[in-house]
Structure formats: structure tokens, C-alpha cells
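Trainee: Take a look at this one; I'll ask things after.
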Amino acid sequence: METKFQSRRPKYLNLVKIKQPLPAIVSILHRISGVLLFFPGLPLLLYCLQQVLESPESYAQFQSVIANPIIKWGSIFFLWALVHHFCAGIRHLALDLHLGSTLEGARLGSKLVVAFSIGITVLLGVLLW
């Protein structure tokens, strides 16, 4: 007589193939944007500030560098990371107050974070360009 035993070993889960819900994606992007703001973002921002404040010639050189479209797209991406991190941080603070901790509330909060971060980034991108 053969019996089937259910294995209690962990299953192999391919995280790339699993469809994550929107709140999980927003949370993961919040963490990624925080890392990007801190490691390359903060030193780069301080270097740019130092270049701008050094002399009028370095300010003019900084303006010519910032006029490059690739640098502008990078600045827009940096602005998106900043705005998304801020909006997702507000969402996490609301979750700490148990606002939006239900399934529907979490989905709505995630949609609002995505909408506001994209909207504000587009507005700032238009002003930057």
C-alpha cells in the first residue's frame, strides 16, 4: 500500500514570473527609489551644488551640462524617484495610522501614489524642459 506524503519542503518560486499586486510594486519601488536617492543621488546632488556655488564660470559650465537632453531625462528620473519616494512615504505613514490598511484601501492608496507621482513628475518635467 502506497501512501502519498505531502512534502513540507519549500517550493521554488520564481519571483520574476509571479504577478505582484500593485501595493507590493509600489512598496518595492519605494525601497528602490530610497536607495537611488541616497547612494548615487545624494553625492551627485552635493557635487552639483558645490559646482554651482564655486564661481560664476562653474555655474555657466553647469548650465551648459544641464542643457544636454540625456542629463535632463536623468534629472526627470531623479525627480520621479524623489516624488515617488515622498508620496509612498506619506502612504506608509497613513498605513501606520491604520488608514488604508484594508485590501481596497491599500489598492486605492497605491493607485493614488502612482497617479500623484507620475502627475507631479510630468509637471516638474515640463517646467524643467
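Rule-based calculations on the coordinates, nothing more; no lab input. Keep in mind the model is a prediction, meaning the values are calculated, not measured. Here the Cβ is made from the backbone with ideal geometry for all residues, glycine too, and neighbour counts use every protein chain on show.
Trainee: Regarding Ala81, is this residue within 17 Å of Ile32 (Cα to Cα), surrounded by 11 or more Cβ atoms within 10 Å (Cβ to Cβ) and in contact with a Leu (Cβ under 6 Å, 6 or more places away or on another chain)? Walk me through how you get there before you give the answer.
Mentor: Working: within 17 Å of Ile32 (Cα to Cα): yes; surrounded by 11 or more Cβ atoms within 10 Å (Cβ to Cβ): yes; in contact with a Leu (Cβ under 6 Å, 6 or more places away or on another chain): yes.
For Ala81, the condition - within 17 Å of Ile32 (Cα to Cα), surrounded by 11 or more Cβ atoms within 10 Å (Cβ to Cβ) and in contact with a Leu (Cβ under 6 Å, 6 or more places away or on another chain) - is met.
Trainee: Picking from Leu13, Leu29, which residue would you name as being surrounded by 12 or more Cβ atoms within 10 Å (Cβ to Cβ) and either over 26 Å from Gly125 (Cα atoms) or in contact (Cβ under 8 Å) with a residue 24 or more places away in the chain (or both)?
Mentor: Leu29
Trainee: Find all pairs meeting these conditions: Cβ atoms under 7 angstrom apart; at least six residues apart or on different chains; first residue within segment 112-123 and part of a helix (DSSP H, G or I); second residue surrounded by 13 or more Cβ atoms within 10 Å (Cβ to Cβ) and of a type in the set (A, V, I, L, M).
Mentor: Pairs that qualify, where the first residue is part of a helix (DSSP H, G or I) and the partner is surrounded by 13 or more Cβ atoms within 10 Å (Cβ to Cβ) and of a type in the set (A, V, I, L, M), are Val113/Val26; Val113/Ala88; Val114/Val26; Ser117/Val83; Ile120/Val83; Thr121/Ile76; Thr121/Leu79; Thr121/Val83.
Trainee: Residue check: is Ser75 surrounded by 12 or more Cβ atoms within 10 Å (Cβ to Cβ), part of a helix (DSSP H, G or I), polar (S, T, N, Q) and within 21 Å of the chain's Cα centre (by Cα)?
Mentor: yes
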